[in-house]
Amino acid sequence: MKSCIILCGGRSRRMGKDKGLMNLDGDPFIIHLLKMVVKITEEIILVLRDKKQVELYQNCINDFKRQIHNHDPHIKLVVDIEVDQGPLLGLYTGLSHIKSEGALVLPCDSPFVSPYFVDKMFELTEVSEACILVPVWPDGSTEPLHSYYCKECIPIIQKQLENGFRNVKSLLEKIDVAYVGVEVLDPGKKSFINLNRPEDVSQSLKK
Ligand SMILES: Nc1nc2c(ncn2[C@@H]2O[C@H](COP(=O)(O)OP(=O)(O)OP(=O)(O)O)[C@@H](O)[C@H]2O)c(=O)[nH]1
């Protein structure tokens, strides 16, 4: 079973409005992601901040269901166990809800994630013995919000949170990680584009 967790619970301060619901070329970012991921996975968990955000995303997903003529596209909305604690807690919440052994984690602000990337990640997790699979750039920087995490990470994340860490990168030092070059996962590298500011959106439309 292939599971995907999409983190949507950030504050979008730089964008000024909820990034997942931002319009890009006719669809909200989250719908760009869902259109692609729904065809590849059997379970999708959106991790949101609070009930108010759930209501907004539920409306958006109801429109999506009508659009694709599918009343049950295996999408579940869950809420962070504590608000505003950052993506590490979002990951913890997401992993606590999945039915499978692990999940591909994506941020809601990367609407150009490609099916090639998603397929490749799942293909590599099947042969990797590591708990986490993380894309790495030639300069050594990593993409922990475009990574695969197995459920064995849950107690380690819990410990990291108790120790005051809120950053997903802090987890990578604590558990077995396999690093894979970004060029292997997405030769065009568009999957890793994050749209954080209004100007990022207008620039992405010009490309
Ligand atoms: N569930 C959950 N997701 C989060 C949380 N914080 C950030 N995220 C998600 O993690 C991804 C990266 O977030 P950032 O861009 O670093 O932070 P942001 O709060 O969304 O945006 P800024 O306020 O502009 O920094 C996005 O998909 C966010 O929605 C959180 O506390 N809970």
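The values are calculated or read from the model by the stated rules, or taken from the named source; none is laboratory data. Keep in mind the model is a prediction, meaning the values are calculated, not measured. Cβ placement follows ideal geometry from the backbone for every residue including glycine, while neighbour counts extend to all protein chains displayed. Each accessible area value is taken on the protein alone, full model and side chains, heavy atoms only, with ligands, DNA and RNA left out. Shrake-Rupley method; radii C 1.70, N 1.55, O 1.52, S 1.80 Å.
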Any residue in the stretch 17-36 that is outside any loop (DSSP other than H, G, I, E, B) and small (G, A, S)?
-> yes
How many residues, within the stretch 58-103, are β-branched (V, I, T), more than 13 Å from the ligand (Cβ to nearest atom) and within 17 Å of the chain's Cα centre (by Cα)?
-> 3
Out of E129, E183, E199, E162, which single residue is without any contact (Cβ under 8 Å) to a residue 60 or more places away in the chain, within 16 Å of the ligand (Cβ to nearest atom) and surrounded by fewer than 19 Cβ atoms within 10 Å (Cβ to Cβ)?
-> E199
Output the residues belonging to the stretch 132-159 that are open to solvent by less than 80 Å² (accessible area, probe 1.4 Å), closer than 15 Å to Y92 by Cβ and in contact with a strand residue (DSSP E or B) (Cβ under 9 Å, 6 or more places away or on another chain).
-> I132, P144, L145, S147, Y149, C150, K151, C153, I157
In the stretch 20-57, residues that are under 17 Å from G94 (Cα atoms) and within 16 Å of the ligand (Cβ to nearest atom) total 16
Sort out which residues of the stretch 137-175 are farther than 21 Å from D109 by Cβ and charged (D, E, K, R), and write them in order of number.
-> D139, K151, E152, K159, E162, E173, K174
